[in-house]
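Participant: Right, I'll just put the structure down here and ask away after.
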Amino acid sequence: MSKVPQIRVEPPGRKAREIIKIDEKYLATSTKTSPIAVESASGSVVTDVDGNVYLDFASGVGVLNIGHCHPKVVKAVRDQAEKVMHFAGTDFYYDVQSRLVKKLSEICPGKYDKRVFLSNSGTEAIEAAMKVARWHTQRKQFISFIGAFHGRTMGSLSLTASKPVQRNRYFPLVPGGVHIPFAYCYRCPYHLEYPSCGIWCGKILEEIYFDSFLPPEEVAALFMEPVQGEGGYVVPPVEFVKIISKTCKSHGMLLVDDEVQAGMGRTGKLWGIEHFDIVPDILCAAKALGSGVPIGATIYHRKLDFGVQGAHSNTFGGNLLACASALATIDVIENENVLEMATKAGRHLRKRLEELMDKHEIIGDVRGLGMMQATELVEDRKTKEPAKKKRDKVVELCYKRGVILLPCGKSSIRYIPPLTTSLSQIDAGIAVIDSAVRDAMK
Ligand SMILES: Cc1ncc(COP(=O)(O)O)c(C=O)c1O
């Protein structure tokens, strides 16, 4: 196999520039991270229209967990497309949807009967969770975390709090959302230190919020990402998640686990929440569930289900192509050692990133679980001033040298290659990142 990465012409090359020109003229909100125009992709390798070959450390924003165009997924989608592509799963029946909802209810945490609502994206999975929670509890309030990203439609946007630009000019949002600080230990909102902090951030709900202005009996649900994604790949301490879970239980508030980015094996376990040994009431999945075919799923205890027909529905949720793709994806994860690979590769990736931190002062923190890792770039390790411009420079130098990366948080870079990426591919990516960090600091 030829060398990867391999940059033949500085991206964007001639063919890419033609595509970008049209895109910039017609595509709404066309602000992109890197000018890479893809031609084809396989596993962890992406080829652009000008023949450049990249290592993909972004996985289409956490979608290609089992790699690009896995043969089993391609075959399942192709076979399905030849038979029937759409038949309105909320009104009629078909085998792939039934098999998928059965499978999802079996593989989600919680040994109880479940119901699954299928949609087309992460944001819709969250919207459905908000509706289920209000329907069932008849309470009006929601709690989510500062730094959270749950989507951009009006309901999920009301829970999102990762960047002001996402909310600016859209007020009023859905009323009833309260945000509380997350357990971001590297930048503790209370300037405390773990573990001497006594997990104060987990206790403030009871000790301050419920005791002053937020009656818990008004709260329908609390939404939480097991690892905050867009907010900067922030991993909370296990005790924090346990306290939050206990608080929810004791007040009859539903705990919604947003697995849109952390799920489907990304952290080395099928669901990110499994690292914290708690069982959520509602689980939302999307992104990697369909390996590139859009799908969202909201999975919850049967007793929470909408009580009447028509209380929630859609046209495309559970369409046949998405169901076929999701079933094949789960099959690959279950039968091709994907979780083991993610754990092993994740350990290696983490070690290599820590080596980079030892070498480069600008890396202030390395954090993550499994193949969901990030570095936070700072001007000074003491003041922790975010090094946003330098972070952007590293991302730019990397794509020019053949490694696709994405930013997150204020000044972090996320490393989310497909879970099937080999250790030598990780090493090849790290070599490029190493040189990019060095040159960005010049
Ligand atoms: C944790 C989380 N929840 C929800 C969403 C929204 O998903 P989508 O973009 O598919 O609507 C995202 C997207 O990045 C996410 O990371």
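The values are calculated or read from the model by the stated rules, or taken from the named source; none is laboratory data. Quick caveat: nothing in here was measured; it's all calculated off a predicted structure. Cβ sites come from the backbone with ideal geometry, for glycine too, and all protein chains shown count toward neighbours.
Participant: On the given criteria, is residue 242 surrounded by fewer than 24 Cβ atoms within 10 Å (Cβ to Cβ), under 23 Å from residue 338 (Cβ atoms) and more than 15 Å from the ligand (Cβ to nearest atom)?
Facilitator: Taking the combined requirement at face value, the residue does not satisfy it.
Participant: For the stretch 326-442, please list each of the helices (runs of 4 or more DSSP H) lying entirely inside it that holds at least 2 residues being modelled with pLDDT of 95 or more and under 30 Å from residue 99 (Cα atoms).
Facilitator: Where helices (runs of 4 or more DSSP H) fall fully within the stretch 326-442 and carry at least 2 residues being modelled with pLDDT of 95 or more and under 30 Å from residue 99 (Cα atoms), they are 338-359.
Participant: If we scan the stretch 218-227, do we find a residue that is outside the structural domain of residue 388 (by TED's automatic domain parsing), outside any loop (DSSP other than H, G, I, E, B) and within 12 Å of the ligand (Cβ to nearest atom)?
Facilitator: Yes, some residue in the stretch 218-227 is outside the structural domain of residue 388 (by TED's automatic domain parsing), outside any loop (DSSP other than H, G, I, E, B) and within 12 Å of the ligand (Cβ to nearest atom).
Participant: Against the definition (aromatic (Phe, Trp, Tyr), within 13 Å of the chain's Cα centre (by Cα) and in the same structural domain as residue 159 (by TED's automatic domain parsing)), how does residue 300 come out, yes or no?
Facilitator: no
Participant: Now for a separate question. Looking only at the stretch 117-139, filter to residues that are in contact with a strand residue (DSSP E or B) (Cβ under 7 Å, 6 or more places away or on another chain) and outside any helix (DSSP H, G or I); which one of those is farthest from the ligand (Cβ to nearest atom)?
Facilitator: Restricting to residues being in contact with a strand residue (DSSP E or B) (Cβ under 7 Å, 6 or more places away or on another chain) and outside any helix (DSSP H, G or I), the top hit is 139.
Participant: To continue, here is another question. For the stretch 102-116: of the residues being surrounded by fewer than 20 Cβ atoms within 10 Å (Cβ to Cβ), assigned to a helix (DSSP H, G or I) and of a type outside the set (Asp, Glu), which is farthest from the ligand (Cβ to nearest atom)?
Facilitator: Residue satisfying both the conditions and the ranking: 102.
Participant: Hey, which of the helices (runs of 4 or more DSSP H) in the stretch 1-86, taking only ones fully inside, have at least 3 residues that are under 24 Å from residue 230 (Cα atoms)?
Facilitator: So the answer is 59-62.
Participant: I'm checking my understanding of the structure. Among residues of the stretch 158-172 that are assigned to a loop (DSSP other than H, G, I, E, B) and more than 15 Å from the ligand (Cβ to nearest atom), which one is surrounded by the most Cβ atoms within 10 Å (Cβ to Cβ)?
Facilitator: Of everything passing the filter in the stretch 158-172, 170 is surrounded by the most Cβ atoms within 10 Å (Cβ to Cβ).
Participant: So is residue 155 in a loop (DSSP other than H, G, I, E, B), buried (at least 18 other Cβ atoms within 10 Å of the Cβ) and assigned by TED's automatic domain parsing to the domain that holds residue 185 or not?
Facilitator: no
Participant: Let me ask you something else. Looking only at the stretch 249-284, count how many residues are within 14 Å of the ligand (Cβ to nearest atom) and buried (at least 24 other Cβ atoms within 10 Å of the Cβ).
Facilitator: So the answer is 17.
Participant: Determine which member of the set 43, 60, 51, 67 is surrounded by 13 or more Cβ atoms within 10 Å (Cβ to Cβ) and either of a type in the set (D, E, K, R) or over 24 Å from residue 407 (Cβ atoms) (or both).
Facilitator: After ruling out the rest, the residue left standing is 51.
Participant: Related question: Scan (1) of a type outside the set (Asp, Glu); (2) in a loop (DSSP other than H, G, I, E, B); (3) buried (at least 16 other Cβ atoms within 10 Å of the Cβ) for the single condition residue 179 breaks and write down its number.
Facilitator: Failed condition: (2).
Participant: Yes or no: the stretch 298-314 includes at least one residue that is in a loop (DSSP other than H, G, I, E, B), in contact (Cβ under 8 Å) with a residue 24 or more places away in the chain, within 16 Å of the ligand (Cβ to nearest atom) and buried (at least 24 other Cβ atoms within 10 Å of the Cβ).
Facilitator: No, the stretch 298-314 contains no residue that is in a loop (DSSP other than H, G, I, E, B), in contact (Cβ under 8 Å) with a residue 24 or more places away in the chain, within 16 Å of the ligand (Cβ to nearest atom) and buried (at least 24 other Cβ atoms within 10 Å of the Cβ).
Participant: Of all residues in the stretch 228-258, which are under 12 Å from residue 205 (Cβ atoms) and part of a helix (DSSP H, G or I)?
Facilitator: 240, 243, 244, 245, 246, 247, 248, 250
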